[in-house]
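The values are calculated or read from the model by the stated rules, or taken from the named source; none is laboratory data. Quick caveat: nothing in here was measured; it's all calculated off a predicted structure. Because the Cβ atoms are built from the backbone with ideal geometry, glycine has one as well, and the counts that use them run over all protein chains shown. Keep in mind that these areas ignore ligands, DNA and RNA; they rest on the heavy atoms of the full protein, side chains included. Shrake-Rupley method; radii C 1.70, N 1.55, O 1.52, S 1.80 Å.
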Amino acid sequence: MMLNTDRVNRVLNKLQQDALLVMDPYAIDYLCGKHFEPGERFLGLLLRKDKEPVLYVNALFRFDDDLGLRKVYYDDTDDVTAMLRKDLDPNQSLGVDKIMPARFLLPLMEQKAASSFALGSLAVDQTRAVKDRHEIELMRASSHVNDLAMEQFKKLIREGVTEVEVADQMLAIYKKLGASGYSFDPIVAFGDNAADPHHMPDDTVLEEGDIVLFDVGCVVNGYCSDMTRTFFYKQYPDKEAEKVYNLVREANEQSEEMLKPGVEIAMVDKKARDIITNGGYGEDFTHRLGHFIGLQDHEYGDVSSTNHNLEEAGMIHSIEPGIYHPGIAGVRIEDLVLITEDGHEVLNHYPHDIEVIG
(Lines give C-alpha, C1' and ligand atoms only; values in the text may rest on other atoms or scores of the structure.)
Protein backbone atom coordinates (compact mmCIF):
# COMPACT_ATOMS: atom_id res chain seq x y z
CA MET A 1 0.00 0.00 0.00
CA MET A 2 1.65 3.17 -1.23
CA LEU A 3 0.69 6.37 -2.98
CA ASN A 4 0.49 5.60 -6.70
CA THR A 5 2.41 8.54 -8.12
CA ASP A 6 1.62 7.60 -11.72
CA ARG A 7 -2.12 7.77 -11.04
CA VAL A 8 -1.74 10.97 -9.03
CA ASN A 9 0.20 12.60 -11.87
CA ARG A 10 -2.44 11.51 -14.39
CA VAL A 11 -5.10 13.12 -12.21
CA LEU A 12 -3.11 16.34 -11.79
CA ASN A 13 -2.52 16.56 -15.52
CA LYS A 14 -6.28 16.53 -16.06
CA LEU A 15 -7.08 18.87 -13.16
CA GLN A 16 -8.21 22.35 -14.16
CA GLN A 17 -7.87 23.80 -10.65
CA ASP A 18 -4.72 24.42 -8.58
CA ALA A 19 -5.62 21.79 -5.98
CA LEU A 20 -8.10 18.96 -5.52
CA LEU A 21 -9.74 17.69 -2.34
CA VAL A 22 -10.73 14.05 -2.86
CA MET A 23 -13.27 12.55 -0.45
CA ASP A 24 -14.59 9.46 -2.23
CA PRO A 25 -13.19 6.46 -0.28
CA TYR A 26 -12.87 4.44 -3.50
CA ALA A 27 -10.96 7.24 -5.21
CA ILE A 28 -8.65 7.51 -2.20
CA ASP A 29 -8.14 3.74 -2.30
CA TYR A 30 -7.36 4.01 -6.02
CA LEU A 31 -4.72 6.69 -5.42
CA CYS A 32 -3.28 5.55 -2.08
CA GLY A 33 -3.88 1.81 -1.95
CA LYS A 34 -5.77 1.98 1.34
CA HIS A 35 -9.52 1.83 1.86
CA PHE A 36 -11.44 3.60 4.61
CA GLU A 37 -15.13 3.66 5.46
CA PRO A 38 -15.29 6.92 7.46
CA GLY A 39 -19.06 7.09 7.89
CA GLU A 40 -20.08 10.65 8.72
CA ARG A 41 -16.51 11.69 9.58
CA PHE A 42 -14.32 13.71 7.24
CA LEU A 43 -11.83 11.80 5.09
CA GLY A 44 -9.88 13.75 2.51
CA LEU A 45 -6.86 13.56 0.23
CA LEU A 46 -5.48 16.93 -0.85
CA LEU A 47 -3.63 16.90 -4.16
CA ARG A 48 -1.66 19.96 -5.24
CA LYS A 49 0.44 20.61 -8.30
CA ASP A 50 3.33 22.10 -6.39
CA LYS A 51 3.33 20.34 -2.98
CA GLU A 52 3.16 16.86 -1.47
CA PRO A 53 -0.25 15.18 -1.03
CA VAL A 54 -1.91 15.28 2.38
CA LEU A 55 -4.29 12.67 3.78
CA TYR A 56 -6.69 13.82 6.52
CA VAL A 57 -7.98 10.96 8.68
CA ASN A 58 -9.94 10.85 11.91
CA ALA A 59 -7.85 9.47 14.76
CA LEU A 60 -10.35 6.64 15.05
CA PHE A 61 -8.76 5.19 11.88
CA ARG A 62 -5.10 5.71 12.84
CA PHE A 63 -2.79 3.34 10.96
CA ASP A 64 0.94 2.61 10.77
CA ASP A 65 1.36 2.13 7.00
CA ASP A 66 3.72 4.53 5.27
CA LEU A 67 1.75 5.60 2.21
CA GLY A 68 4.39 8.01 0.95
CA LEU A 69 2.45 11.15 1.86
CA ARG A 70 1.81 13.40 4.85
CA LYS A 71 -0.87 12.20 7.24
CA VAL A 72 -2.89 14.57 9.40
CA TYR A 73 -5.00 13.07 12.18
CA TYR A 74 -7.82 14.92 13.86
CA ASP A 75 -10.28 14.22 16.67
CA ASP A 76 -14.07 14.40 16.66
CA THR A 77 -13.94 17.72 18.51
CA ASP A 78 -11.47 19.37 16.10
CA ASP A 79 -12.48 22.06 13.62
CA VAL A 80 -12.16 20.40 10.19
CA THR A 81 -12.30 23.72 8.35
CA ALA A 82 -9.45 25.19 10.40
CA MET A 83 -7.41 22.03 9.80
CA LEU A 84 -7.88 22.24 6.04
CA ARG A 85 -7.18 25.96 5.84
CA LYS A 86 -3.64 25.34 7.07
CA ASP A 87 -2.88 23.60 3.77
CA LEU A 88 -5.13 25.53 1.39
CA ASP A 89 -4.03 28.69 -0.38
CA PRO A 90 -6.80 31.33 -0.40
CA ASN A 91 -5.28 32.70 -3.62
CA GLN A 92 -5.61 29.40 -5.49
CA SER A 93 -8.58 27.55 -6.94
CA LEU A 94 -9.83 24.34 -5.34
CA GLY A 95 -11.49 21.39 -7.03
CA VAL A 96 -13.89 19.54 -4.76
CA ASP A 97 -15.23 16.00 -4.81
CA LYS A 98 -18.68 15.25 -6.25
CA ILE A 99 -19.65 13.53 -2.99
CA MET A 100 -18.38 16.27 -0.65
CA PRO A 101 -21.13 17.02 1.92
CA ALA A 102 -22.36 20.59 2.26
CA ARG A 103 -21.44 20.59 5.96
CA PHE A 104 -17.76 20.46 4.96
CA LEU A 105 -17.89 22.46 1.72
CA LEU A 106 -19.95 25.46 2.82
CA PRO A 107 -17.69 26.49 5.75
CA LEU A 108 -14.68 26.42 3.39
CA MET A 109 -16.55 28.64 0.95
CA GLU A 110 -17.80 31.01 3.64
CA GLN A 111 -14.28 31.44 5.05
CA LYS A 112 -12.82 31.88 1.54
CA ALA A 113 -10.33 29.05 1.97
CA ALA A 114 -9.72 29.14 -1.80
CA SER A 115 -10.05 31.75 -4.53
CA SER A 116 -12.76 29.68 -6.24
CA PHE A 117 -14.46 26.32 -5.90
CA ALA A 118 -15.43 23.94 -8.70
CA LEU A 119 -16.22 20.29 -9.24
CA GLY A 120 -12.79 18.75 -9.70
CA SER A 121 -13.39 15.04 -9.19
CA LEU A 122 -13.91 14.54 -12.93
CA ALA A 123 -10.11 14.44 -13.17
CA VAL A 124 -10.13 11.35 -10.93
CA ASP A 125 -13.13 9.81 -12.67
CA GLN A 126 -11.56 10.16 -16.11
CA THR A 127 -8.31 8.67 -14.86
CA ARG A 128 -10.07 5.71 -13.24
CA ALA A 129 -11.96 5.05 -16.47
CA VAL A 130 -8.70 3.97 -18.19
CA LYS A 131 -7.33 0.93 -16.39
CA ASP A 132 -3.61 0.23 -16.07
CA ARG A 133 -2.10 -3.21 -16.67
CA HIS A 134 -2.43 -4.31 -13.05
CA GLU A 135 -6.10 -3.34 -12.93
CA ILE A 136 -6.79 -5.13 -16.20
CA GLU A 137 -5.39 -8.38 -14.81
CA LEU A 138 -7.54 -8.02 -11.69
CA MET A 139 -10.62 -7.37 -13.82
CA ARG A 140 -9.89 -10.47 -15.90
CA ALA A 141 -9.59 -12.53 -12.72
CA SER A 142 -12.86 -11.22 -11.32
CA SER A 143 -14.75 -11.98 -14.54
CA HIS A 144 -13.21 -15.46 -14.62
CA VAL A 145 -14.64 -16.18 -11.18
CA ASN A 146 -18.00 -14.84 -12.36
CA ASP A 147 -17.94 -17.23 -15.34
CA LEU A 148 -17.24 -20.16 -13.03
CA ALA A 149 -19.97 -19.07 -10.67
CA MET A 150 -22.58 -18.86 -13.46
CA GLU A 151 -21.97 -22.54 -14.20
CA GLN A 152 -22.85 -23.33 -10.60
CA PHE A 153 -25.76 -20.90 -10.27
CA LYS A 154 -27.77 -22.62 -12.98
CA LYS A 155 -27.44 -25.89 -11.04
CA LEU A 156 -29.44 -24.28 -8.22
CA ILE A 157 -32.47 -24.21 -10.50
CA ARG A 158 -34.90 -27.01 -9.61
CA GLU A 159 -38.63 -27.53 -9.44
CA GLY A 160 -40.35 -25.55 -6.69
CA VAL A 161 -37.39 -23.32 -5.77
CA THR A 162 -37.94 -19.61 -5.19
CA GLU A 163 -35.85 -16.68 -6.38
CA VAL A 164 -34.82 -15.85 -2.82
CA GLU A 165 -33.76 -19.44 -2.12
CA VAL A 166 -31.47 -19.34 -5.15
CA ALA A 167 -30.04 -15.90 -4.32
CA ASP A 168 -29.33 -16.94 -0.72
CA GLN A 169 -26.92 -19.64 -1.94
CA MET A 170 -24.86 -17.45 -4.25
CA LEU A 171 -22.50 -15.80 -1.78
CA ALA A 172 -21.16 -19.12 -0.51
CA ILE A 173 -20.45 -20.20 -4.09
CA TYR A 174 -18.59 -16.96 -4.80
CA LYS A 175 -16.49 -17.26 -1.66
CA LYS A 176 -15.59 -20.86 -2.42
CA LEU A 177 -14.32 -19.68 -5.82
CA GLY A 178 -12.13 -16.99 -4.22
CA ALA A 179 -14.32 -13.88 -4.22
CA SER A 180 -14.61 -11.70 -1.13
CA GLY A 181 -18.26 -10.82 -1.73
CA TYR A 182 -20.84 -9.44 -4.13
CA SER A 183 -20.14 -6.42 -6.33
CA PHE A 184 -23.90 -5.77 -6.09
CA ASP A 185 -26.92 -7.65 -4.78
CA PRO A 186 -27.68 -10.45 -7.26
CA ILE A 187 -30.72 -10.31 -9.51
CA VAL A 188 -32.57 -13.61 -9.83
CA ALA A 189 -35.77 -13.37 -11.85
CA PHE A 190 -38.24 -16.06 -12.93
CA GLY A 191 -40.93 -15.75 -15.60
CA ASP A 192 -42.39 -12.29 -16.07
CA ASN A 193 -40.11 -10.97 -13.32
CA ALA A 194 -37.32 -11.12 -15.91
CA ALA A 195 -39.14 -8.29 -17.71
CA ASP A 196 -38.32 -6.02 -14.74
CA PRO A 197 -34.70 -4.91 -15.44
CA HIS A 198 -33.84 -4.43 -11.74
CA HIS A 199 -36.10 -7.02 -10.15
CA MET A 200 -35.01 -8.06 -6.67
CA PRO A 201 -35.42 -11.73 -5.70
CA ASP A 202 -38.71 -12.53 -3.97
CA ASP A 203 -40.80 -15.60 -3.13
CA THR A 204 -41.78 -16.30 -6.74
CA VAL A 205 -41.75 -20.06 -7.30
CA LEU A 206 -40.11 -21.45 -10.43
CA GLU A 207 -42.48 -23.05 -12.95
CA GLU A 208 -41.84 -25.13 -16.04
CA GLY A 209 -41.42 -22.92 -19.09
CA ASP A 210 -40.16 -19.94 -17.07
CA ILE A 211 -37.36 -17.67 -18.18
CA VAL A 212 -34.56 -17.58 -15.59
CA LEU A 213 -32.44 -14.43 -15.58
CA PHE A 214 -29.26 -14.05 -13.52
CA ASP A 215 -27.54 -10.64 -13.27
CA VAL A 216 -24.60 -11.26 -10.94
CA GLY A 217 -21.18 -9.99 -9.99
CA CYS A 218 -18.47 -10.48 -7.39
CA VAL A 219 -15.41 -8.75 -5.97
CA VAL A 220 -11.99 -10.40 -6.38
CA ASN A 221 -8.92 -8.61 -5.01
CA GLY A 222 -10.96 -5.42 -4.76
CA TYR A 223 -12.20 -5.37 -8.37
CA CYS A 224 -15.75 -5.99 -9.59
CA SER A 225 -17.33 -8.22 -12.18
CA ASP A 226 -20.83 -8.05 -13.68
CA MET A 227 -22.57 -10.42 -16.08
CA THR A 228 -26.12 -11.30 -17.11
CA ARG A 229 -27.34 -14.50 -18.72
CA THR A 230 -30.89 -15.59 -19.53
CA PHE A 231 -31.94 -19.25 -19.47
CA PHE A 232 -35.14 -21.23 -20.13
CA TYR A 233 -36.42 -23.76 -17.61
CA LYS A 234 -37.21 -27.22 -19.05
CA GLN A 235 -38.75 -25.91 -22.28
CA TYR A 236 -37.24 -24.37 -25.39
CA PRO A 237 -38.69 -20.86 -25.84
CA ASP A 238 -41.68 -20.34 -28.11
CA LYS A 239 -41.23 -18.60 -31.44
CA GLU A 240 -41.64 -15.03 -30.16
CA ALA A 241 -39.49 -15.51 -27.07
CA GLU A 242 -36.82 -17.07 -29.29
CA LYS A 243 -37.00 -14.01 -31.57
CA VAL A 244 -36.55 -11.71 -28.55
CA TYR A 245 -33.57 -13.71 -27.32
CA ASN A 246 -31.88 -13.69 -30.71
CA LEU A 247 -32.44 -9.92 -31.11
CA VAL A 248 -30.75 -9.28 -27.77
CA ARG A 249 -27.91 -11.62 -28.65
CA GLU A 250 -27.40 -9.91 -32.01
CA ALA A 251 -27.45 -6.48 -30.36
CA ASN A 252 -24.88 -7.63 -27.82
CA GLU A 253 -22.50 -9.26 -30.27
CA GLN A 254 -22.69 -6.67 -33.05
CA SER A 255 -22.17 -3.73 -30.69
CA GLU A 256 -19.23 -5.54 -29.09
CA GLU A 257 -17.74 -6.13 -32.52
CA MET A 258 -17.56 -2.34 -33.05
CA LEU A 259 -15.40 -1.74 -30.01
CA LYS A 260 -11.92 -0.34 -30.56
CA PRO A 261 -10.04 2.88 -29.76
CA GLY A 262 -11.46 5.93 -31.52
CA VAL A 263 -15.06 4.71 -31.81
CA GLU A 264 -17.64 7.19 -30.52
CA ILE A 265 -19.30 5.56 -27.52
CA ALA A 266 -22.76 6.88 -28.45
CA MET A 267 -22.56 5.00 -31.76
CA VAL A 268 -22.10 1.70 -29.91
CA ASP A 269 -25.35 2.32 -28.05
CA LYS A 270 -27.02 3.27 -31.35
CA LYS A 271 -25.92 0.02 -32.99
CA ALA A 272 -27.56 -2.14 -30.34
CA ARG A 273 -30.65 0.08 -30.15
CA ASP A 274 -31.16 0.05 -33.93
CA ILE A 275 -31.06 -3.75 -34.04
CA ILE A 276 -33.69 -4.07 -31.31
CA THR A 277 -35.83 -1.28 -32.78
CA ASN A 278 -35.74 -2.75 -36.28
CA GLY A 279 -36.81 -6.05 -34.71
CA GLY A 280 -39.94 -4.39 -33.36
CA TYR A 281 -38.99 -4.09 -29.68
CA GLY A 282 -37.37 -0.67 -29.42
CA GLU A 283 -39.79 0.54 -26.75
CA ASP A 284 -38.87 -2.45 -24.59
CA PHE A 285 -35.15 -1.60 -24.46
CA THR A 286 -35.49 0.84 -21.58
CA HIS A 287 -31.95 1.57 -20.38
CA ARG A 288 -28.50 2.60 -21.59
CA LEU A 289 -26.34 -0.06 -23.21
CA GLY A 290 -23.68 -0.15 -20.52
CA HIS A 291 -21.72 1.32 -17.63
CA PHE A 292 -18.07 1.56 -16.66
CA ILE A 293 -16.75 -0.64 -13.86
CA GLY A 294 -13.66 -1.24 -11.71
CA LEU A 295 -13.28 -0.81 -7.97
CA GLN A 296 -17.03 -0.16 -8.00
CA ASP A 297 -19.68 -1.89 -10.06
CA HIS A 298 -20.86 1.42 -11.50
CA GLU A 299 -18.14 3.99 -12.11
CA TYR A 300 -18.06 7.27 -14.02
CA GLY A 301 -18.92 6.86 -17.69
CA ASP A 302 -21.61 4.99 -19.57
CA VAL A 303 -22.45 3.60 -22.98
CA SER A 304 -25.40 5.75 -23.99
CA SER A 305 -26.67 8.09 -26.68
CA THR A 306 -25.36 11.11 -24.74
CA ASN A 307 -21.74 9.95 -24.36
CA HIS A 308 -19.87 11.36 -27.33
CA ASN A 309 -16.42 10.56 -25.95
CA LEU A 310 -14.23 8.11 -27.85
CA GLU A 311 -13.28 4.64 -26.73
CA GLU A 312 -9.73 4.47 -25.33
CA ALA A 313 -7.44 1.51 -24.75
CA GLY A 314 -7.80 0.45 -21.13
CA MET A 315 -11.47 1.30 -20.75
CA ILE A 316 -13.69 -1.48 -19.39
CA HIS A 317 -17.45 -1.27 -19.54
CA SER A 318 -20.48 -3.47 -19.86
CA ILE A 319 -22.46 -4.21 -22.99
CA GLU A 320 -25.93 -5.25 -21.83
CA PRO A 321 -28.83 -4.85 -24.25
CA GLY A 322 -32.20 -6.09 -23.08
CA ILE A 323 -35.82 -6.49 -24.07
CA TYR A 324 -38.46 -6.40 -21.34
CA HIS A 325 -41.98 -7.29 -22.49
CA PRO A 326 -44.20 -9.00 -19.88
CA GLY A 327 -46.16 -11.85 -21.37
CA ILE A 328 -43.56 -12.45 -24.06
CA ALA A 329 -40.06 -12.39 -22.57
CA GLY A 330 -37.57 -10.55 -20.43
CA VAL A 331 -34.06 -11.08 -21.80
CA ARG A 332 -30.71 -9.42 -21.09
CA ILE A 333 -27.24 -10.57 -22.15
CA GLU A 334 -24.37 -8.71 -20.51
CA ASP A 335 -20.60 -8.93 -20.85
CA LEU A 336 -17.73 -6.79 -19.67
CA VAL A 337 -15.46 -5.66 -22.49
CA LEU A 338 -11.91 -4.28 -22.40
CA ILE A 339 -10.81 -1.85 -25.09
CA THR A 340 -7.37 -2.96 -26.29
CA GLU A 341 -4.77 -1.09 -28.36
CA ASP A 342 -6.19 -2.43 -31.61
CA GLY A 343 -9.65 -3.74 -30.77
CA HIS A 344 -11.37 -5.28 -27.78
CA GLU A 345 -11.41 -8.28 -25.45
CA VAL A 346 -14.62 -9.72 -24.02
CA LEU A 347 -13.82 -10.59 -20.40
CA ASN A 348 -16.73 -13.00 -20.00
CA HIS A 349 -16.54 -16.40 -21.65
CA TYR A 350 -19.87 -17.94 -20.66
CA PRO A 351 -21.62 -18.56 -24.01
CA HIS A 352 -24.57 -16.62 -25.46
CA ASP A 353 -26.40 -19.66 -26.87
CA ILE A 354 -30.02 -20.36 -25.96
CA GLU A 355 -29.77 -22.80 -23.08
CA VAL A 356 -32.54 -24.90 -21.54
CA ILE A 357 -31.76 -25.84 -17.93
CA GLY A 358 -33.38 -28.09 -15.33
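Data overview
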quantity	calculated
Order of exposure, largest accessible area first, which applies to 137, 110 with probe 1.4 Å	110, 137
Over the range 41-109, equivalent-ellipsoid semi-axes from the Cα gyration tensor in Å	19, 16, 11
Approximate shape of the range 139-268 as ellipsoid semi-axes (Cα gyration tensor, √5λ), whole Å, largest first	25, 23, 11
Derived scalar couplings ³J(HN,Hα) [the range 240-251; Karplus, 6.51 cos²θ - 1.76 cosθ + 1.60; whole Hz; x for Gly, Pro]	6, 5, 5, 4, 4, 4, 5, 5, 5, 4, 4, 4
Neighbourhood net charge (11 Å Cβ-Cβ; Lys/Arg +1, Asp/Glu -1) for residue 113	0
Cut-off 19 Å, label 7 Å out along Cα→Cβ of residue 133, residues of the range 304-343 by amide N	313-316, 338-343
Candidate residues 143, 115, 93: accessible-area rank, largest first, probe 1.4 Å	115, 93, 143
For the range 239-314, accessible area per residue (1.4 Å probe, heavy atoms of protein chains only), Å²	46
For the range 170-181, Karplus couplings with θ = phi - 60° (6.51, -1.76, 1.60), whole Hz, Gly/Pro x	6, 4, 4, 5, 4, 5, 5, 8, x, 7, 8, x
Long-range Cα-Cα pairs in the range 4-86 (distance over 23 Å), rounded percent	18
Share of pairwise Cα separations in the chain, more than 30 Å, in percent	45
Inter-centroid distance (Cα atoms) of the range 280-318 relative to the range 86-126, Å	29
Three principal axis lengths of the range 68-221 [C-alpha, angstrom, descending]	69, 33, 30
Karplus (6.51, -1.76, 1.60) ³J(HN,Hα), θ = phi - 60°, over the range 326-336, in Hz, Gly and Pro reported as x	x, x, 10, 5, x, 9, 9, 10, 10, 10, 9
Solvent accessible area, Å² - residue 103, 1.4 Å probe, full protein context	130
Solvent exposure, largest accessible area first (probe 1.4 Å, DNA, RNA and ligands not counted), of 277, 230	277, 230
